[in-house]
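Read through the structure below, which is laid out as structure tokens, and then see the notes.
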Amino acid sequence: METVASIREELQLFVRRFGLLNASCCDECCGERVSLVQVRILFEIRRTGMPSMQQVAEELGMDITTFSRQAKTLEAKGLIVRRGSPDDGRVSLLSLSTAGEDVMERIDRHMASSLERVFSSMTPFERETVVKSLGLLNRALTNAGCCGSSQ
């Protein structure tokens, strides 16, 4: 059985390396000046459909003031659309604009290419094992109520 320290070390290394992979995406792939934080916001909006600002902020572990500034920047760049909720006018719902969808498609292609390079040294069995293990770890984190993530 791995020790807690070695598990944590492996997770820290993975997060750092994967973060660098994501950061290179923001610098190289979509032709837009979007930060890594903004890409995370765009990804979460796309993943959840038409979430409220509060939902996205909570999912990403951001305070609403910081999130609101980022959302305004993305809206000014024409990448997201903010609409009032038909159920509650005080709630703003977010969606990707056509330009935002285009940026996410370019980011997806870049990340797919990068991940393909990462996985290219693995056998199909090893790839499948990694993907299943990541899913298992994400479910365990959700079930344990860790890290503020609902999904």
- Query: How large is the charge dipole for the chain, taken about the Cα centre, if only the Cβ atoms of Lys, Arg (+1) and Asp, Glu (-1) carry charge, to the nearest 20 debye?
  - Reply: 200 debye
- Would you calculate the separation in nanometres between label points at Leu136 and Gln12, each defined as 7 Å from the Cα along the Cα-to-beta-carbon direction? 2.5 nm
- Phe119: net charge of surrounding residues, Cβ under 14 Å, Lys/Arg +1, Asp/Glu -1, itself excluded? +1
- Given the Cα-Cα distance of Ala144 and Asp87 and 0.36 nm per residue of separation, how much length would full extension add, in nm? 17.3 nm
- Under a no-solvent Debye model with one identical scatterer per Cα of segment 4-143, what's log10 I(q)/I(0) at q = 0.17 Å⁻¹? -1.07
- the chain: most fluctuating residue of Ser92, Ser133, Ser113 per GNM, C-alpha cutoff 10 Å: Ser133
- Message: Using Cα-Cα distances under 8 Å and only pairs 6 or more residues apart, what relative contact order does segment 4-143 have, in percent?
- Response: 22 percent
- Extension gain, Ala112 back to Thr65 (0.36 nm per residue minus Cα-Cα distance, nm): 13.7 nm
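Which residues make up the longest stretch of the chain that has no trypsin sites (Lys or Arg not before Pro) in a DSSP loop with at most 16 other Cβ atoms within 10 Å? Don't skip to the answer; put the middle values down first.
Numbers: sites that count: Arg33, Lys77, Arg90.
After excluding every exposed loop site, the longest remaining stretch is 91-151.
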- Message: Quick check: residue separation of Met122 and Thr48 times 0.36 nm, minus the Cα distance between them. What number comes out in nm?
- Response: 23.5 nm
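Quote the charge dipole size of segment 70-129 about the Cα centre in Debye, to the nearest 20; the model charges only the Cβ of Lys and Arg (+1) and of Asp and Glu (-1).
300 debye
Every read-out reported here was derived from the displayed coordinates using simple, explicitly stated rules and does not represent laboratory data. Here the structure is a predicted model, which is why all the values come from computation and not from measurement. Note that each Cβ is placed from the backbone with ideal geometry, even for glycine, and that neighbours are counted across all protein chains shown.
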